[in-house]
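A quick write-up on the structure given underneath.
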Amino acid sequence: MEAGPRDRQQSPDAPAASLAPDGPAADGTDLPHGGESFSEIRPPRRLRIWQLAPIVALAALGSLMFAFPLAFAFGDGGAVVAMLGLLLSGCAAGWSVMATRRVGLSWPGLPAPGSGTRPDWRVAACYALVVATVVVLCLWRVGRLR
């Protein structure tokens, strides 16, 4: 006895349909009724809370470690703690960029991953300039602690 209604009789020695990790086989031989694919009706991939929580926690810890030695007098160890906090914040930023790329998102002004189009050099230069400015300001501020 089978679990549900079938429109044809199942034979026990029939080969099972091969499935790719994200649905029917890519060659189109296993498509159901009329060539439709169920991957078209799947919801878009999103970042889940369990993926975001460690990134946010690492970013918060890093920013606090960077801010407190700069705001209060910590003595000679303040520069080391601030640089370690800056390193943790940078790691959280890189981790979040990699997680969003895996989900299929991109930065504003840049093409979507896998689209095959090249990014505009002005947008890439603007992002590089912003990152370089932030790094120079952080290093200048930590250098003044010594």
Pick from segment 80-109, criterion in a helix (DSSP H, G or I) and either of a type in the set (S, T, N, Q) or in contact with a strand residue (DSSP E or B) (Cβ under 6 Å, 6 or more places away or on another chain) (or both), ranking: modelled with the lowest pLDDT: Thr100
Members of segment 45-71 that are buried (at least 17 other Cβ atoms within 10 Å of the Cβ) and either among the charged types (D, E, K, R) or in contact with a Phe, Trp or Tyr (Cβ under 6 Å, 6 or more places away or on another chain) (or both): Ile55
Output for segment 110-144, where each listed residue is surrounded by 12 or more Cβ atoms within 10 Å (Cβ to Cβ), of a type in the set (D, E, K, R) and in a helix (DSSP H, G or I): Arg141
Positions within segment 94-115 being of a type in the set (A, V, I, L, M, F, W, C) and under 8 Å from the mean Cα position of the chain (by Cα), in sequence order: Trp95, Val97, Met98, Ala99, Val103, Leu105
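Please determine, by comparing only the residues of segment 86-101 that are of a type outside the set (A, V, I, L, M) and touching a residue at least 12 places away in the same chain (Cβ under 8 Å), which one is surrounded by the most Cβ atoms within 10 Å (Cβ to Cβ).
If we take residues in segment 86-101 being of a type outside the set (A, V, I, L, M) and touching a residue at least 12 places away in the same chain (Cβ under 8 Å), then Ser89 is surrounded by the most Cβ atoms within 10 Å (Cβ to Cβ).
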Residue match in segment 72-85 (condition: surrounded by 12 or more Cβ atoms within 10 Å (Cβ to Cβ) and either within 30 Å of Arg46 (Cα to Cα) or within 22 Å of the chain's Cα centre (by Cα) (or both)): yes
Any hit, segment 102-112, residues being more than 24 Å from Ala60 (Cβ to Cβ), without any contact (Cβ under 8 Å) to a residue 12 or more places away in the chain and of a type in the set (A, V, I, L, M, F, W, C): yes
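The values are calculated or read from the model by the stated rules, or taken from the named source; none is laboratory data. These numbers come from a predicted model, not from an experiment. No Cβ is skipped: glycine too gets one built from the backbone with ideal geometry, and neighbour counts run over all protein chains shown.
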